[in-house]
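As structure tokens, the structure follows; a few thoughts come after it.
All of the numbers you see were taken from the coordinates with simple rules; none came from a lab. Everything quoted here is computed from the prediction, not taken from an experiment. So basically every Cβ, Gly included, is an ideal-geometry build from the backbone, and we count neighbours across all protein chains shown.
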Amino acid sequence: MGLKNDAWIRKMANEQNMIEPFVDDQVRQGVISFGLSSYGYDIRVTDEFKIFTNVHSAVVDPKGFNPNSFVDFKGDVCVIPPNSFVLARTIEYFRIPRRVLTMCIGKSTYARCGLIVNVTPFEPEWEGYVTLEISNTTPLPARIYANEGIAQVIFLEADDVCEISYADRKGKYQAQKDIVLPRI
């Protein structure tokens, strides 16, 4: 398995629509950077957020998540309450090739502010908009900016094709279009 560089990412984005929309360079002027980097792709967050709230005193249960635990918010700046989190989604739609696995890691600009981005790997033949979990680990409110960089995707290509892909398994998060809550 090998780490893929900018030329490979560009080729896959252009020939196989692996990333749409695809920004062929790194945009940095006055924003938290996004677009193609040396060995990855910096994804952006939309202006739609689900802010976690405990107003209903619900128990967090991945087998029975209460959608009332979130407040929907749309805007250019989202404020994450102290010691809380938001769910969001990427601007980019991904189509992962069968012999590729990705890892997604939060950007250092946010990490240095105590904001952590958590995303599971994009499995072979998974496609969709990525649902992001952004945690505010600080005791203070924290801002995140819509339409700017939030995390970096790193692409790993396997020597051999997997026997069963995410699409073959009919994964429960396949082709998601919106922010998707936990499913069983």
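Numbers at a glance
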quantity: Counted residues, the range 18-38 - those being in contact with a strand residue (DSSP E or B) (Cβ under 6 Å, 6 or more places away or on another chain), in contact (Cβ under 8 Å) with a residue 24 or more places away in the chain and part of a loop (DSSP other than H, G, I, E, B); calculated: 3
quantity: Residues located in the range 39-65, provided they are β-branched (Val, Ile, Thr) and either in contact with a Cys (Cβ under 7 Å, 6 or more places away or on another chain) or assigned to a strand (DSSP E or B) (or both); calculated: Ile43, Val45, Thr46, Ile51
quantity: Of all residues in the range 124-141 being touching an Asp or Glu at 6+ places or on another chain (Cβ under 8 Å) and not hydrophobic (A, V, I, L, M, F, W, C), the one that is farthest from Ala167 (Cα to Cα); calculated: Tyr129
quantity: Among (1) exposed (fewer than 15 other Cβ atoms within 10 Å of the Cβ); (2) under 24 Å from Leu3 (Cβ atoms) - the single one Ile150 does not satisfy; calculated: (1)
quantity: Any hit, the range 66-88, residues being under 27 Å from Trp8 (Cα atoms), assigned to a strand (DSSP E or B) and not aliphatic (A, V, I, L, M); calculated: no
quantity: Where a residue in the range 160-173 is free of Cβ contacts under 8 Å to residues at least 40 places away in the same chain and its partner, wherever it lies, is part of a loop (DSSP other than H, G, I, E, B) and surrounded by fewer than 17 Cβ atoms within 10 Å (Cβ to Cβ), with Cβ under 6 Å and at least six apart; calculated: Lys172/Arg183
quantity: Exclusive hit being in a loop (DSSP other than H, G, I, E, B), touching a strand residue (DSSP E or B) at 6+ places or on another chain (Cβ under 7 Å) and surrounded by 15 or more Cβ atoms within 10 Å (Cβ to Cβ), set Pro97, Pro124; calculated: Pro124
quantity: Residue that is loosely packed, with under 15 Cβ neighbours inside 10 Å and in contact with a strand residue (DSSP E or B) (Cβ under 7 Å, 6 or more places away or on another chain), where the choices are Asp47, Asp61, Asp42, Asp72; calculated: Asp72
